[in-house]
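*Asks:* One structure coming up, written as structure tokens, with questions to follow.
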Amino acid sequence: QVQLVESGGGLVQPGGSLTLSCAASKSIFWRSAMGWYRQAPGKQRELVATITSGGITNYVDSVKGRFTISRDNAKNTVYLQMNSLKPEDTAVYYCNRAVLTTIVSWGQGTQVTVSS
């Protein structure tokens, strides 16, 4: 079964931290570069962080220095550690393959709300 299950979102104050997790089926995760995407209300989904199967990471400028993507290949899981959160980080966060032409069906996502 091909699936992605995101978790770990919630309500946090500005400056706070959250860690998101994404459990993927092996057929999605194996030897694939993975990414975290987010979609804010009224905006298009954007790719914010990627990690190759070998662990090379890349980030969009707006989260660089605050977010850290990692993966556990034994658990078919990818993580997103988010620090110094800002209200503009509020969005539904999704994981999927990082190469757009190989993206599979989206999971349900996890809501992150940054507000005082």
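The values are calculated or read from the model by the stated rules, or taken from the named source; none is laboratory data. These numbers come from a predicted model, not from an experiment. In this analysis, Cβ positions are derived from the backbone assuming ideal geometry, glycine residues included, and neighbour counts consider all displayed protein chains. Please note that ligands, DNA and RNA were not included when accessible areas were found on the heavy atoms of the full protein model with its side chains. Shrake-Rupley method; radii C 1.70, N 1.55, O 1.52, S 1.80 Å.
*Asks:* Compute the length gained on full extension between residue 103 and residue 66: take 0.36 nm times their separation in residues and subtract their Cα-Cα distance, giving the result in nm to one decimal.
*Replies:* 10.8 nm
*Asks:* Please report, as a whole percent, how much of the solvent-accessible surface of the range 35-116 comes from carbon and sulfur atoms (probe radius 1.4 Å).
*Replies:* Heavy-atom surface of the range 35-116 belonging to carbon and sulfur, 1.4 Å probe: 50 percent.
*Asks:* If you don't mind, there's one more thing I want to ask. Just the accessible area per residue of the chain, please: how many Å² with a 1.4 Å probe?
*Replies:* Here the residues of the chain average 53 Å² of exposed surface.
*Asks:* Suppose the chain between residue 11 and residue 30 were pulled fully straight at 0.36 nm per residue; how much longer would it get relative to their current alpha carbon spacing?
*Replies:* Here the segment from residue 11 to residue 30 would lengthen by 3.7 nm.
*Asks:* How big is the shadow of the Cα convex hull of the chain, averaged over all directions, in nm²? Present the calculation step by step, with values, prior to reporting the outcome.
*Replies:* Numbers: hull surface 26.7 nm².
Dividing the Cα hull surface by four gives the mean projection, 6.7 nm².
*Asks:* Please list, in chain and number order, the residues 5+ apart from residue 71 or on another chain whose amide H is under 5 Å from its amide H, with Hs placed from the backbone.
*Replies:* Close amide H contacts, sequence-distant or interchain: 79.
*Asks:* When we measure straight from the Cα of residue 64, which aspartates and glutamates land under 19 angstrom away, once same-chain ones fewer than 8 places off are left out?
*Replies:* Qualifying aspartates and glutamates at Cα under 19 Å: 46, 88, 89.
*Asks:* Could you tell me the relative contact order of the range 11-73? Use alpha-carbon pairs under 8 Å, at least six residues apart, and round to a whole percent.
*Replies:* 23 percent
*Asks:* On to the next question. Determine ³J(HN,Hα), in whole Hz, for all residues of the range 59-64 in sequence, where each value follows from phi through the Karplus function 6.51 cos²θ - 1.76 cosθ + 1.60 and θ = phi - 60°; x replaces Gly and Pro.
*Replies:* 3J(HN,Hα) across the range 59-64, in whole Hz: 9, 6, 4, 5, 10, 4.
*Asks:* Hey, what did the range 6-116 get for relative contact order, percent, Cα under 8 Å, at least 6 apart?
*Replies:* 38 percent
*Asks:* Karplus couplings for the range 21-30 from phi (6.51 cos²θ - 1.76 cosθ + 1.60, θ = phi - 60°), rounded to Hz, Gly and Pro as x?
*Replies:* Taking θ as phi minus 60°, the curve returns 10, 9, 8, 10, 6, 4, 5, 7, 7, 4 Hz for the range 21-30.
*Asks:* Next question. Which aspartates and glutamates, on any chain, are close to residue 75 with Cα under 15 Å apart, when same-chain ones fewer than 8 places away are left out?
*Replies:* 6
*Asks:* I need the trypsin sites (Lys or Arg not before Pro) found in the range 68-116, filtered to DSSP loop residues with at most 14 other beta carbons within 10 Å of theirs.
*Replies:* Within the range 68-116, the qualifying trypsin sites (Lys or Arg not before Pro) (loop, at most 14 other Cβ atoms within 10 Å) are 75.
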